[in-house]
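Report on one structure; see the data block that follows.
What follows is calculated from the coordinates using simple rules that are stated; it is not laboratory data. Keep in mind it's a predicted model, so treat the numbers as computed, not measured. No Cβ is skipped: glycine too gets one built from the backbone with ideal geometry, and neighbour counts run over all protein chains shown.
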């Protein structure tokens, strides 16, 4: 495989891309674990998400006033 006079640039570009991509994937995985751990700690303390309150409110049947 002959990449010509630009071989060093091409190989360096692919290597840099692979390193950056690996770094981003690792960062996302670590951040995900950290957030899951934080959410578990908050749940253990009894602190719930605000979205849970909205879901509970939305599921309750609304009392409609009848027009008399």
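Data overview
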{"quantity": "Inter-label distance, nm, simple model (7 Å from Cα along the C-beta direction), residue 13/residue 1", "calculated": "1.4"}
{"quantity": "Kirkwood hydrodynamic radius of segment 1-43, from inverse mean 1/r over distinct Cα pairs, in Å", "calculated": "12.9"}
